[in-house]
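Here is the structure we will look at.
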Amino acid sequence: MGQFESTIHMIQSPIVLAKKPQQQHWVRLSRAEPTGAMAQKPAAMAAKKLSSCNLTAALRQEQDAGAALLLFLNPPNATPSSPFRHCLRCYDLIISKLASARLFQDMESILSRLPPSDASHGAGPRENLLCRVVSAYGRARLPAAACRAFVHPAFPEPRTAHALNTLLHALLDCRSPLRDLLVVCHNAGIPANASTYNILMRAAAASGSLEHTRNLFDEMLSLGIAPTVETFGTLVAALCDAGQLEEAFEVKEAMVRQHDVPPNAHVYTSLVKGLCQRGEVDAAVRLKDEMVHKAELLQNSAVYGVLVRALFRAGRRREVDGLLEELKVRGIVPHRDRVVYNAMVAGLCEDERDPSAAFAVLDDMQKCGCKPTAVTYSMLVAGLCKLGRWQDAIELVKDMPRQGCTPDVVTYRMLFDGLCAAGEFHEANRVLGDMVVKGFAPSKDGARKFVEGIEKEGDAVLLESVLCRLAKMNVLESSGWEKAVSGALNDPAELRIEKQLASIRPA
């Protein structure tokens, strides 16, 4: 049985990307007709003739992908009798720019124009270009497109482990199931390395399967592939998430004793988090003290963020000040990753129910040059709503763009759920309208509570409007839909709701 086959057979989830994608029939443009961004007018065209090197420099300086594409397709000195000869660096730049801008239709059109790999064009398309294309599809959450790019004929065989790992990482970004990643590995026929197994173990851990994480680790060792600190970090985190702290500490000791791999900050953070979740805050503090003699580990403030949050939950707010003072004494800069600040805001909002102090932390963040994120504001919104200060929560969300932070779907869901909990269903409906405009949707649980609250109030007009919106967003489960409609139909005068909703009733 070949590599990965035994692990594949153990997993029974459906295959989404099981078969190796077949090579596609890519359209070759016979002339530079614009499609997508190609239809844009060029910002400016140089009057003088450009050499291939000059065009490369011009493409590099052009920030707008659409304008760069027009410059690439229509160089000033190109004529029907004397077509412009692009160098491979030009292709590299324009394809990378289009990929970053997610202009994938235009990017694939350019890929079809890549010259074959021959002596006149040097080494042909480079592997790092293939990896950039695959990664771009991964960031765009397009797993099938990433797989097609991996076998694109513009990039000649053979593929290397680096290219395979890039594809696996893209699929991991797309939250593809572990089985899909294993099948890709099996079909590619490329010997796996440590990075390959690290990605697969992360996929297994993300699925919540400690068994598969362990099996991949054991298979890695049986093949003689040396585990890295990332390997152990993934395994320790999976064990901690499963509540198996004793075994996690055994792995921490074994990685040093048997493999001569010292634990990094990620390993310590997972162990500290596991201890805090078990309520052993003092043991977590002692483990943090173990890092004192390892200066490179102390520069990561994640451990302090976990401890700050745990101390708040344990009702030990006074000890937080000492931890913050320790950060300053040891020269740790918390604003590098905002972890400590966000932990302070969460603790003050959720545990201390003191939003005024949380706003003081927000001011301190900004004074220190640490820009609050949507996560920071979302916690403040949730804290205000829990205290019944939903008007302040609404104003805070409105003020976020002025502060340089755009509310995300989590922020709106926090506000929407808070308004529903406060019984402010008309305000929640207005927030729902804002969410629809921005392409956001409430959670199914939030939508269900929203409908149930309106139904209890007996507001048939609002219920009609809400059901229409939620049906179009497909966030109301069928049971909730039927219950809501049946409640509205208790009054024969409301039969019009059923007629209006018949055309959009979910299957």
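Quick notes
- Of the listed residues 184, 461, 410, the order by accessible area with a 1.4 Å probe, largest first, is 461, 410, 184.
- Distance violations [Cα-Cα > 27 Å] among 371/472; 371/398; 371/438; 386/456; 367/438; 367/398: 371/472; 367/438
- With semi-axes defined as the square roots of five times the eigenvalues of the C-alpha gyration tensor, the equivalent ellipsoid of region 166-208 measures 15, 11, 9 Å, largest first.
- Solvent accessible area, Å² - residue 427, 1.4 Å probe, full protein context: 40
- Eligible aspartates and glutamates near residue 444 by straight Cα distance, threshold 19 Å, same-chain separation 8 or greater: 408, 417, 424, 427, 434, 452, 455, 464, 477, 482
- Kirkwood hydrodynamic radius over Cα pairs of region 210-359, then Stokes diffusion coefficient at 37 °C and 0.692 mPa s, in µm²/s: 201
- Coordinate range of the alpha-carbon atoms in region 340-390 per principal axis, descending: 31, 18, 14 Å.
- Residue 434 accessible area, assembled protein chains, probe 1.4 Å, Å²: 80
- The order of 456, 97, 252, 294 by accessible area, most exposed first and with a 1.4 Å probe, is 456, 294, 97, 252.
- The slack in the chain from residue 207 to residue 127, taken as 0.36 nm per residue of separation less the alpha-carbon distance, amounts to 25.8 nm.
- Loop trypsin sites (Lys or Arg not before Pro), region 154-210 (other Cβ atoms within 10 Å of the site Cβ: 12 or fewer; DSSP): 175
- Across q = 0.10, 0.15, 0.16 Å⁻¹, region 283-405 modelled as identical point scatterers on its alpha-carbon atoms has Debye log10 I(q)/I(0) values of -0.32, -0.68, -0.76, in the order of the q list.
- Residues whose placed amide H lies under 5 Å from that of residue 474, excluding near-sequence neighbours: none
- Sequence of 405, 87 from largest to smallest accessible area, 1.4 Å probe: 87, 405
- For region 385-439, the alpha carbon positions stretch 30, 23, 15 Å along the principal axes, listed from largest to smallest.
- With the highest mean first, a sort of the peptides 129-139, 366-376 on other beta-carbon atoms found within 10 angstrom per residue produces 129-139, 366-376.
- Pairs of alpha carbons in region 132-217 whose separation is greater than 18 Å (percent): 38
- Vicinal HN-Hα couplings computed from phi for region 212-224 (Karplus, 6.51 cos²θ - 1.76 cosθ + 1.60; Hz; Gly/Pro x): 5, 4, 5, 4, 5, 4, 5, 5, 4, 5, 5, 8, x
- Rounded to the nearest 10 Å², the accessible area of residue 289 at probe 1.4 Å: 70
- From phi via Karplus (6.51, -1.76, 1.60), per-residue ³J(HN,Hα) for region 450-467 in Hz, x at Gly/Pro: 4, 5, 4, x, 5, 4, 5, 6, x, 8, 5, 5, 5, 4, 4, 5, 5, 4
The values are calculated or read from the model by the stated rules, or taken from the named source; none is laboratory data. Keep in mind the model is a prediction, meaning the values are calculated, not measured. Every residue, glycine among them, receives a Cβ derived from its backbone with ideal geometry; neighbour counts consider all protein chains shown. These area figures cover heavy atoms from the full protein model, side chains too; ligands, DNA and RNA do not enter into them. Shrake-Rupley method; radii C 1.70, N 1.55, O 1.52, S 1.80 Å.
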